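Asks: Pasting a structure below so you can have a look.
The values are calculated or read from the model by the stated rules, or taken from the named source; none is laboratory data. Computed from a predicted model, the values in this text were never measured in an experiment. Ideal geometry is used to build each Cβ from the backbone, glycine not excepted, and the neighbour counts take in all protein chains shown.
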Amino acid sequence: MFIKNRGKVVVHVNYVHAQWSSRWAFVLAATGSAVGLGNIWKFPYMVGQGGGGAFVLVYLVCIVLIGIPIMMSEVLLGRRARLSPVNTMRVLAQQEGASPGWQFVGWLGMATGFLILSFYGVVAGWTLAYVFHSASGAFAMENPQHIKALFGAFVTDPQRVLVWHTLFMAMTTLIVARGVQAGLEKAVKVMMPVLFILLLALVFYSMGSGGFDEGWEFLFKTDFDKLTPAVILGAMGQAFFSLSLGMGAIMIYGSYLPQRSSIGGSTFLIVIADTVVALLAGLAVFPIVFANGLEPAAGPPLIFETLPIAFGQMPGGTFWGTLFFVLLVFAAWTSAISLIEPAVAWLTETRGVRRVLAAVLTGGFAWLLGMLTIMSFSDWAFSFRFLGVEKTHGFFDIFELLTTNITLPLGGILIALFAGWTIRRSHSQEELKLGSLAGFEIWLFLTRFVSPVMVGMLLLYLLFGHYLNA
Ligand code: PHE
C-alpha cells in the first residue's frame with residue numbers, strides 16, 4: 001500500500017497479513033484475548049478491594065458506555081487498514097488528511113503491550129506453578145497459615161518464579177510464531193470452549209460451598225458510600241484491561257477480520273462473553289472466600305492464597321484445584337499472545353522480519369522486562385502511595401497502575417476521538433455497516449462524546465485530583 005502526500009510516498013507498506021478463516025475464528029480469538037487473568041485473577045481482587053457491588057456496577061456501566069463503542073472503533077480501524085496499529089493509524093490518518101502523529105497511538109499501544117505482558121507473564125507463571133502444586137496434593141488438608149506461607153515463600157523466591165515465567169513466555173512465543181491460522185486460531189478453538197465448561201463446573205461446585213448467598217450479595221449489592229473516585233477509576237481501568245482495549249490488541253485482531261463480517265454483532269458477543277466470565281469468576285471465588293472466613297480484600301494474592309485453602313479442605317479439592325489453575329493458564333495464554341501481536345505485525349510488515357524471529361524478539365523482550373516484576377516481590381520491593389492506597393510491590397504495582405489506569409484509557413480516548421472525528425462519517429458507516437441508522441448514530445455519539453468525556457474526566461481527576469482533596 002502506498003500513501004502519497006504532495007507526490008512523495010510517505011507510507012509504503014506492501015505487506016498482506018493473513019486473515020481469520022471465518023468471523024467465528026475472530027470472535028473466539030478476540031474473546032480469548034479479552035478473557036484472561038483480568039477476569040479470573042484481577043476482577044475478583046479488584047472487587048474485593050473496591051468494596052463489592054459498587055465496583056461491579058461502575059464496571060458494568062463502563063463496559064456498556066465506553067467498552068462497546070471503543071471496541072467497535074478498534075475493529076473498524078484495524079479492518080479498514082489491515083495493518084499493525086502503528087501503520088493502521090498512520091495510513092488512515094493520511095487517507096483522511098490528518099496528522100501522521102496519530103501513529104503515536106500505535107507506539108503507545110506497543111509499549112503498553114510489553115509492560116502488561118511483563119507482569120502478566122509472571123502472574124501466569126505463578127498460575128502454571130500452581131497447576132503442579134495442586135496436582136501434587138500440596139494443598140490437601142493443609143492449614144491456612146501454611147498455605148499462605150507457601151505462596152509467600154514461592155513468590156519471594158526469584159529463581160523458582162523465573163523458571164515458570166520463562167516457561168509461560170516460551171509457550172506464548174511458540175503460538176505467536178506459528179502465525180494467525182496455525183497458531184492463534186487453532187489454540188483458541190480448543191481452549192475457549194474448555195474454559196467455559198470448567199468455569200461453569202466451578203460455579204456449580206461453589207454453589208454447594210455454603211457461602212453462595214453471601215458471595216452473591218457481595219458482588220451485586222451496591223453500597224454507594226463505597227463509590228470513591230479511586231474505585232471509579234479502578235473500575236474504568238479494569239473495563240479497558242479486561243476487554244483488551246486501548247493498546248491495539250483488538251485492532252490487530254480486527255485487521256485479520258474478513259471483509260463481510262459484522263463488526264457490531266461480533267463486538268456484542270465478545271463483550272458479553274468477557275463480562276459473563278468475569279461475573280462467573282466472582283461467583284466461583286467469593287462464595288468460597290466467605291464460606292471459609294477468608295479475606296476478600298487480599299489483593300493480587302487473593303486467588304493464590306484463598307482458593308488453595310478452600311480447595312485443600314474440600315472433598316475432591318486436589319482435582320478441582322488443579323482444574324481451576326489449568327483453566328487460568330489457558331485463559332492467560334490466549335490473552336498473552338494478543339499483547340505482543342501488534343509489535344509482531346509491525347516488525348513483519350515494516351522491517352521485513354520473519355514471523356518466527358519477530359515472535360522471539362518481542363517475547364524475549366517482555367520476558368526480560370518481567371525480571372523487574374519478579375524482583376518486586378523480593379529484593380527490589382519498594383512501596384509508594386497511589387490515590388491514598390499503600391502499594392508495596394514496586395515495579396509490579398507501577399506497571400500495573402500505569403497501564404490499567406493511564407495508558408490503556410489514554411489510548412482508548414485517542415482511538416475514540418480518531419474513529420469518531422477524524423474518520424469521515426461516510427467511511428465509518430461503510431465499514432461498520434450497522435444495518436440501522438439509529439444504531440450507527442448511537443455508536444457515533446458514544447464514540448465522539450460519551451467515552452472521551454467520561455475517560456477524560458477520570459484521567460484529569462488522576463492528574464489533578466489531589467488539589468481537590470488538599
Ligand atoms: N484482557 C486480558 C485479560 O483480561 C488482558 C489484556 C489486556 C490482553 C490488554 C490484551 C490487551 O486478562
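Asks: Condition first: hydrophobic (A, V, I, L, M, F, W, C) and over 27 Å from the mean Cα position of the chain (by Cα). Now tell me which residues in region 310-328 satisfy that.
Replies: MET314, PHE319
Asks: A further question follows. Every residue in region 294-333 that is acidic (Asp, Glu) and either within 16 Å of the ligand (Cβ to nearest atom) or not in a helix (DSSP H, G or I) (or both), please.
Replies: The answer is GLU295, and nothing else.
Asks: Within the group LEU219, LEU195, which residue is among the aliphatic types (A, V, I, L, M), part of a helix (DSSP H, G or I) and either away from the ligand (no atom under 16 Å from the Cβ) or free of Cβ contacts under 8 Å to residues at least 40 places away in the same chain (or both)?
Replies: Details: LEU195 fails: either away from the ligand (no atom under 16 Å from the Cβ) or free of Cβ contacts under 8 Å to residues at least 40 places away in the same chain (or both).
It is LEU219.
Asks: Testing TRP107 on (1) within 16 Å of the ligand (Cβ to nearest atom); (2) over 28 Å from PRO229 (Cα atoms); (3) crowded, with 22+ Cβ neighbours inside 10 Å, one condition comes back false. Which one is that?
Replies: (3)
Asks: From SER244, SER261, grab the single residue that is within 15 Å of the ligand (Cβ to nearest atom) and part of a loop (DSSP other than H, G, I, E, B).
Replies: Working: SER261 fails: within 15 Å of the ligand (Cβ to nearest atom).
None of the other options fit; the residue is SER244.
Asks: Hey, PHE224 hits all of (1) more than 10 Å from the ligand (Cβ to nearest atom); (2) crowded, with 24+ Cβ neighbours inside 10 Å but one; which does it fall short on?
Replies: (2)
Asks: Also, quick follow-up: Of all residues in region 337-367, how many are free of Cβ contacts under 8 Å to residues at least 12 places away in the same chain and farther than 15 Å from ALA18 by Cβ? Spell out the reasoning first.
Replies: Kept after step one, since they are free of Cβ contacts under 8 Å to residues at least 12 places away in the same chain, are these residues of region 337-367: 351-354, 357.
Keeping just the survivors that are farther than 15 Å from ALA18 by Cβ gives 351-353, 357.
Qualifying residue count for the region: 4.
Asks: Next question, about the same structure. Return a yes/no flag: does region 403-424 have any residue that is away from the ligand (no atom under 16 Å from the Cβ), in contact (Cβ under 8 Å) with a residue 24 or more places away in the chain, over 30 Å from MET191 (Cα atoms) and outside any helix (DSSP H, G or I).
Replies: For region 403-424, residues away from the ligand (no atom under 16 Å from the Cβ), in contact (Cβ under 8 Å) with a residue 24 or more places away in the chain, over 30 Å from MET191 (Cα atoms) and outside any helix (DSSP H, G or I): present.
Asks: Only one of (1) closer than 30 Å to GLY465 by Cβ; (2) at pLDDT below 95; (3) not β-branched (Val, Ile, Thr) is not met by GLY420, so which one is it?
Replies: The number of the failed condition is (2).
Asks: Also, quick follow-up: Name the residue that is nearest to LYS226 (Cα to Cα), counting only residues in region 30-47 that are over 13 Å from the mean Cα position of the chain (by Cα) and surrounded by 24 or more Cβ atoms within 10 Å (Cβ to Cβ).
Replies: VAL47
Asks: Looking at region 99-118, can you tell me whether even one residue there is at pLDDT 95 or above, assigned to a loop (DSSP other than H, G, I, E, B) and more than 26 Å from TRP20 (Cβ to Cβ)?
Replies: yes
Asks: Here's a follow-up. Which one of VAL75, VAL64, VAL47, VAL56 is without any contact (Cβ under 8 Å) to a residue 24 or more places away in the chain, under 30 Å from ALA281 (Cα atoms) and in a helix (DSSP H, G or I)? Break it down stepwise before answering.
Replies: Working: VAL75 fails: without any contact (Cβ under 8 Å) to a residue 24 or more places away in the chain; VAL47 fails: without any contact (Cβ under 8 Å) to a residue 24 or more places away in the chain; VAL56 fails: without any contact (Cβ under 8 Å) to a residue 24 or more places away in the chain.
Matching residue, one of VAL75, VAL64, VAL47, VAL56: VAL64.
Asks: Out of (1) touching a Leu at 6+ places or on another chain (Cβ under 9 Å); (2) touching a residue at least 60 places away in the same chain (Cβ under 8 Å); (3) farther than 30 Å from THR88 by Cα, the odd one out for THR306 is which?
Replies: Unmet condition: (2).
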